[in-house]
1. Please report 100, 107 as a ranked list, fewest other C-beta atoms within 10 angstrom at the top and most at the bottom.
2. Give me the percent relative contact order of segment 33-173, please, defined on Cα pairs under 8 angstrom at least 6 residues apart.
3. So what's segment 33-173 giving for Rg/Rh, alpha carbon basis, Kirkwood Rh from the mean inverse pair distance?
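Read the figures in this text as sums done on the coordinates, not as results from a lab. As the structure is a computational prediction, the values presented were derived from the model and not from experiment. Positions of Cβ are backbone-derived with ideal geometry, glycine not excepted, and every protein chain shown enters the neighbour counts.
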């Protein structure tokens, strides 16, 4: 599992570092792929130390509101277990989180991004259940890189019960 995750991360990095190509989606759809580094907080932070992951989104502008985009986002993140913990329910196992989310974000002055996600969150191995309501809020900054938009964002999210995460995410438009 760890080897497959590492290969997926390396493949995504290779794709992000490739020169700009014209990838077109039907209509006004906009696609982004990215990497994230996360620090578990609250109860999840007592049992896990750090997480790494990949995410992707596909959004389109709303014609009624300028600079408002809606669509979907998916992500996968792997969290390392802490070796010692005082938390009574600690399993000592690494955790994997998957989010399948609706995404809405507003771009202010073509630079600042404010967004929110809501959808299904999955955790395995299971802890307090495997599925739950996932939600996240994020703010970020966009800058042009290699004829694409690079978005750097900070995010506070909850995937399932007791899995709060503070993340730094970098994504690039395709």
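1. Details: 100 14, 107 19.
Taking fewest neighbouring Cβ atoms as first place, the list is 100, 107.
2. Working: 392 pairs, mean separation 32.8, N = 141.
Relative contact order, segment 33-173: 23 percent.
3. Taking Rh as the inverse mean 1/r over Cα pairs, Rg/Rh reads 1.02.
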